[in-house]
1. Could you work out how far apart the two model spin labels at Met11 and Arg51 are, taking each label as a point 7 Å from the Cα in the direction of the beta carbon, and quote it in nm?
2. List every residue whose amide H lies under 5 Å from the amide H of Gly210, counting only residues 5 or more places away in sequence or on a different chain, with H placed 1.01 Å from N in the peptide plane.
3. Within 15 Å, Cβ to Cβ, of Glu365, how many net charges do the neighbouring residues add up to if Lys/Arg are +1 and Asp/Glu are -1?
4. Pull out the extension gain between Ser261 and Tyr122, defined as 0.36 nm times the separation in residues minus the alpha carbon to alpha carbon distance; nm, one decimal.
5. Rounded to the nearest 0.05, what FRET efficiency is calculated for Glu180 and Glu37 with R0 set to 25 Å and r the Cβ-Cβ distance?
6. Whole number please: convex hull volume per residue of the Cα set in the stretch 247-288, in Å³?
7. Over the residues of the stretch 279-384, compute the C-alpha Rg and express it relative to 2.2 N^0.38 Å.
8. Which order do Tyr199, Tyr74 fall in if you start with the one that has the fewest other Cβ atoms within 10 Å?
Amino acid sequence: MKIGIDIRTLMEKEYSGVSEYTLNLVKAILEQDRENEYKLFYNSGRNISGRMPEFKYKNAQVVSTHYPNKIFNYLMQKTLRQPKVDQLLGVDVFWLPNLNFISLSPKAKKILTVHDLSFLRYPDFFSLRRNLWHYIIDIKKLIRESDEIIAVSENTKNDIIELGEISEKKVKTIYSGVAEEFGVIDKNNEALREVKEKYNLADKFILFLGTQEPRKNIIGLIKAYNEFRKNRAGGKEEVELVIVGGKGWKEKGVVNEWKKSKYQGDIKFLNYIPRQDKVYLYNLATVFVYPSFYEGFGLPPLEAMACGLPTIVGFSSSLPEVAGGASLLVDPYKPQEIAQAIEKILSDGNLKNNLIEKGKAKASEFSWQKAAGEYLDVFREFSK
């Protein structure tokens, strides 16, 4: 069988959740499957071949077209519906690991992965530009035209059925994985010291990792940190807050909240960091806090757990499903509750150790190899 995969998300300079998902999963699929033939497709008006990851597998070939992206997406794929990408590649099945503009022939079997429908559930979390992009791409039509929908969590599956108005039979849940690179590092590791010095990190700090956008609730996290510090007065060791992640949209509110903070000197923004530094930050941190309002899956808490970091997550969307039983769950709309959870972990050694052990066990349940195997089962269904 010949399978096409859309890897346009891998064109990004700075990888975030979806691009990390696509890269890890495509590699895991190609490592397991040596029978089917894969065509990995992207389009760019500029030469970005040096930016694209290498896929050195005998049964995989990267194929690109070279139109300006706006022309390719809005005119060719959306309006003219040409070229038919499956015919261009010569494939029987085409998989989109993320929402994107695509035109396929009626003969092609289409598999679509949906990470979340936050833009339909909470449009106020998004900029006008991003809402317009989601409107033009027409997610409901993409869902209707797909032969199989993959949801990254049961929460996302339920949203797809409700908001996409389709039958449950058409949707399958396949959980994301945690990369093997995330794990506990010996405290004497020289690289730990180098990363700590590189980012000028304190001995103890609260860590958040995610794109700066409203649904991540960074404003609520800063308010919680203010409350935590206020309640810790009286000679207790100071604990900094480190916020890691590229700027997304509507980030001015975060900046304004930081400027208002009495403790702004202890709140550090690292913005986007190289992928290889993430595991060290998880290992250096004291506690990981992820008070998001809405997540399709929520990979950072699992990465933190794999690194032996006690974790706090918002009691919302998919987070209880993914991290429940191995992290403290808090109401993301109540900064005081988040602050209390942080203090609990810092002051209760038994609780902290219990969360660390449960977290490592929970994270071990999610692997890219397992996810790849489940995707291959889906591909095989179309070969019958």
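Readers should treat all values here as calculations from the given coordinates under stated rules, not as data from a laboratory. These numbers were taken from a predicted model, which means no experiment stands behind them. Note: ideal-geometry Cβ built from the backbone for every residue, glycine included; neighbour counts use all protein chains shown.
1. Inter-label distance under the simple model: 0.8 nm.
2. Hits under the 5 Å cutoff: Val244, Gly245.
3. Working: positive: Lys358, Lys360, Lys362, Lys370; negative: Glu154, Glu180, Glu303, Glu321, Glu357, Glu374.
Local charge sum for Glu365: -2.
4. Values: separation 139, 0.36 × 139 = 50.04 nm, distance 2.72 nm.
Computed gain between Ser261 and Tyr122 is 47.3 nm.
5. Here the calculated transfer efficiency is 0.40.
6. Values: hull volume 3.9 nm³, N = 42.
Expressed per residue, the convex hull around the Cα atoms of the stretch 247-288 is 93 Å³.
7. Details: Rg = 15.8 Å, N = 106, 2.2 N^0.38 = 12.9 Å.
For the stretch 279-384, the normalised Cα radius of gyration is 1.22.
8. Values: Tyr199 17, Tyr74 14.
Lowest to highest Cβ neighbour count: Tyr74, Tyr199.
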